[in-house]
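Asks: This is the structure I want to talk about, given as structure tokens.
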Amino acid sequence: MTLLRTPAGRSMPARFAAAAGLLALTLTAALLPPDAAAQARKDSVILGMVLEPAPGLDPTMAPAAAIGEVVHLSVLEGLTKINMDGKITPLLAESWTIDPDGKVYTFKLKKGVKFHDGEAFDASDVVFSFERAKAKESTNKAKKAVFDNISSVTAPDPATVIVVLNNADGNFLFRMGENTAVILDPKSAATTATKPIGTGPFKFDSWAKGSAITLSKNEQYRDAAKVAMKKVTYRFIGDPAAQVAALLAGDIDGMPRYGALESLKQFQNDPRFSVAIGGTEGKTIMTINNKRKPFDDVRVRRALAAAIDRKALIDGAQEGYGVPIGSHMVPSDAGYVDLTGVNPYNPDKAKALLKEAGVAPPLNVTLTLPPIAYARKGGEIIASQLAKIGVVAKIENVEWAQWLSGTFKGNYDLTIVSHVEPLDFDRYGDPSYYYGYDSKAYRDLLVAYNSTTDPKGRLKLLGDIQRQLATDSVAAYLFQLPQFAVGNKKLKGMWSSSPIFANDLGALSWQ
């Protein structure tokens, strides 16, 4: 049992220490005047985040969703904007046209836009940003394929950008609204990881590593009059009990992606707070390293999937919140197919599949878990379920930076993570991606999907894509990651659903 040290040096069980601390903070918060914190902050806000961005703040060079939470839409902007409801609207581009073949996009840019350092924004910055994303030295593999598909990007005049694709991509306007497509200025791009400079409503101020990131209002922003907040602070609070305590004490005003699900009802029953429940693009999966033996055998992968009871997992790790999934899409996606019946919970079948594959128990594996509640809690449950079919999963807890530098590079057996980028099933077409999945049949489906402009044809191919992943049991597909936005009832504008991982800080205001 994990032990914590009290100030006097004595030890006590961790769960009792956490409970005692939480009780004290709850009682203290109950004695505070209602909305005392809000009254003190008329034009500023403090938001809680589960994860600290790593390794830096450049979303064009690293895949972590936490980077987008801090800088996307607030500090850095792209040509298009993906709103909370998933709709695509203009951002740095005021309009666009698409040629009939779906390969040529002509963007008309907004005029008079400036970067935070005073540099003027124009078409040359778009050309630079896209060519930088296409470059061989680009480290953001998560969206490399999007930019590799760009045949040319040109600027016939300062307010016009023409993008020509090798293959039609019906999702291209959506891709332009993701954080990997934000526009940077050549003079400041190299230092984006430590000092992001963009065109957004907020400027980067400071980063106290391990503690907080502070942003301030960009008074020169083109729509500055519509931005209510002058200062936004992100505090990193990974521990669920600490999240509860921070909200109750007024140390933070809100948490768009609240993680302490066991305490959700407490806030739902407290008139000082509002709780909004939505969905994300998070496909929570137990990733299986398809390159390693014995996981290169589809029967072994199917056995692992059949060993997992999704309902028990959702009940135990998510307090019952979450929708089971059977492939790499979520129910809110257009073209989603429910494939949870392809690899259903069946321990006896799992044992038979292992035997058929020549795998004798015990099969010793390592289950690597990043520091996220659903992964750590879910990992314990899954390890217990795997043990019932003779698979002994040794749990290895790692920090997020370690996960990115090790697991994400392919150094793992099994891991649990929620892939939150929308329409990211294209990653399965890259054998070098950390899934280790190498399937010509799947790549052929992707080519067909990307080259088809007919809506009905695309939906059919989306179904085929999902079925291929489920049949090959590339991963154990678990559940859609829900979102819980918890905050002071007078704080308005927080996102309660995340088609992308971002925070629209310009929409925040105090009632």
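The values are calculated or read from the model by the stated rules, or taken from the named source; none is laboratory data. Keep in mind it's a predicted model, so treat the numbers as computed, not measured. A quick note on method: Cβ atoms are made from the backbone with ideal geometry, for glycine too, and the neighbour counts reach across all protein chains shown.
Asks: Taking helices (runs of 4 or more DSSP H) that fall entirely within region 116-176, which contain at least 2 residues that are within 21 Å of Ala448 (Cβ to Cβ)?
Replies: Helices (runs of 4 or more DSSP H) meeting the threshold: 144-148, 172-175.
Asks: Based on this model, can you work out whether Arg299 counts as assigned by TED's automatic domain parsing to the domain that holds Pro370, charged (D, E, K, R) and in contact with a helix residue (DSSP H, G or I) (Cβ under 9 Å, 6 or more places away or on another chain)?
Replies: Spelling it out, Arg299 is indeed assigned by TED's automatic domain parsing to the domain that holds Pro370, charged (D, E, K, R) and in contact with a helix residue (DSSP H, G or I) (Cβ under 9 Å, 6 or more places away or on another chain).
Asks: Which residues, taken from region 453-478, are outside any helix (DSSP H, G or I), touching a residue at least 60 places away in the same chain (Cβ under 8 Å) and under 18 Å from Asn167 (Cβ atoms)? Spell out how you get there, then give the answer.
Replies: Step one: of region 453-478, the residues outside any helix (DSSP H, G or I) are 453-454, 472-478.
Now drop any that are not touching a residue at least 60 places away in the same chain (Cβ under 8 Å), which leaves 453, 472-478.
Matches in region 453-478: Thr453 only.
Asks: Name the residues in region 411-434 that are touching a Lys or Arg at 6+ places or on another chain (Cβ under 7 Å) and of a type outside the set (Asp, Glu), would you?
Replies: Once the filter is applied, which keeps residues that are touching a Lys or Arg at 6+ places or on another chain (Cβ under 7 Å) and of a type outside the set (Asp, Glu), region 411-434 yields Ser418, His419, Gly429, Tyr433, Tyr434.
Asks: For region 459-511, give me each residue that is hydroxyl-bearing (Ser, Thr, Tyr) and either at pLDDT 95 or above or not assigned by TED's automatic domain parsing to the domain that holds Gly259 (or both).
Replies: Thr471, Ser473, Tyr477, Ser509 - these are the residues of region 459-511 that are hydroxyl-bearing (Ser, Thr, Tyr) and either at pLDDT 95 or above or not assigned by TED's automatic domain parsing to the domain that holds Gly259 (or both).
Asks: Under the condition of being of a type in the set (Gly, Ala, Ser) and part of a helix (DSSP H, G or I), which residue from region 266-313 is farthest from the chain's Cα centre (by Cα)?
Replies: Among those that are of a type in the set (Gly, Ala, Ser) and part of a helix (DSSP H, G or I), it is Ala303.
Asks: From the list Gln318, Gln266, which one is of a type outside the set (Phe, Trp, Tyr) and either touching a Ser or Thr at 6+ places or on another chain (Cβ under 7 Å) or at pLDDT below 95 (or both)?
Replies: Gln318
Asks: Still on this structure: For region 344-380, which positions are among the aromatic types (Phe, Trp, Tyr) and modelled with pLDDT of 95 or more?
Replies: Within region 344-380, Tyr345 is the sole residue that qualifies.
Asks: Inspect all residues belonging to region 223-232 and state whether any of them is assigned to a strand (DSSP E or B), surrounded by fewer than 17 Cβ atoms within 10 Å (Cβ to Cβ) and in contact (Cβ under 8 Å) with a residue 60 or more places away in the chain. Write out each step before concluding.
Replies: In the first step, residues of region 223-232 are kept if they are assigned to a strand (DSSP E or B); the result is 231-232.
Subset that is surrounded by fewer than 17 Cβ atoms within 10 Å (Cβ to Cβ): 231.
With in contact (Cβ under 8 Å) with a residue 60 or more places away in the chain added as a condition, the list becomes 231.
Yes, region 223-232 contains a residue that is assigned to a strand (DSSP E or B), surrounded by fewer than 17 Cβ atoms within 10 Å (Cβ to Cβ) and in contact (Cβ under 8 Å) with a residue 60 or more places away in the chain.
Asks: Taking Met494 as meeting all but one of (1) part of a loop (DSSP other than H, G, I, E, B); (2) surrounded by fewer than 17 Cβ atoms within 10 Å (Cβ to Cβ); (3) touching a Leu at 6+ places or on another chain (Cβ under 8 Å), write down the number of the exception.
Replies: Only one criterion in (1) part of a loop (DSSP other than H, G, I, E, B); (2) surrounded by fewer than 17 Cβ atoms within 10 Å (Cβ to Cβ); (3) touching a Leu at 6+ places or on another chain (Cβ under 8 Å) is unmet by Met494, namely (2).
Asks: Now, a different point. When only residues in region 84-107 that are of a type outside the set (Asp, Glu) and in a loop (DSSP other than H, G, I, E, B) count, which is surrounded by the most Cβ atoms within 10 Å (Cβ to Cβ)?
Replies: Top of the filtered list is Leu92.
Asks: Exactly one condition in (1) of a type outside the set (D, E, K, R); (2) within 30 Å of Lys456 (Cα to Cα); (3) over 24 Å from the mean Cα position of the chain (by Cα) is not met by Asn364; state its number.
Replies: Among (1) of a type outside the set (D, E, K, R); (2) within 30 Å of Lys456 (Cα to Cα); (3) over 24 Å from the mean Cα position of the chain (by Cα), the lone unmet condition for Asn364 is (2).
Asks: With the structure loaded, tell me whether Tyr336 is among the aromatic types (Phe, Trp, Tyr), within 18 Å of Ser384 (Cβ to Cβ) and either out of contact with any Phe, Trp or Tyr (no Cβ under 6 Å at 6 or more places or on another chain) or modelled with pLDDT of 95 or more (or both) or whether it fails that test.
Replies: Values: among the aromatic types (Phe, Trp, Tyr): yes; within 18 Å of Ser384 (Cβ to Cβ): no; either out of contact with any Phe, Trp or Tyr (no Cβ under 6 Å at 6 or more places or on another chain) or modelled with pLDDT of 95 or more (or both): yes.
Considered against the rule, which asks whether it is among the aromatic types (Phe, Trp, Tyr), within 18 Å of Ser384 (Cβ to Cβ) and either out of contact with any Phe, Trp or Tyr (no Cβ under 6 Å at 6 or more places or on another chain) or modelled with pLDDT of 95 or more (or both), Tyr336 comes out as no.
Asks: From the set of residues in region 103-141 that are closer than 19 Å to Ile197 by Cβ and among the aromatic types (Phe, Trp, Tyr), which is farthest from the chain's Cα centre (by Cα)?
Replies: So the residue we want is Phe121.
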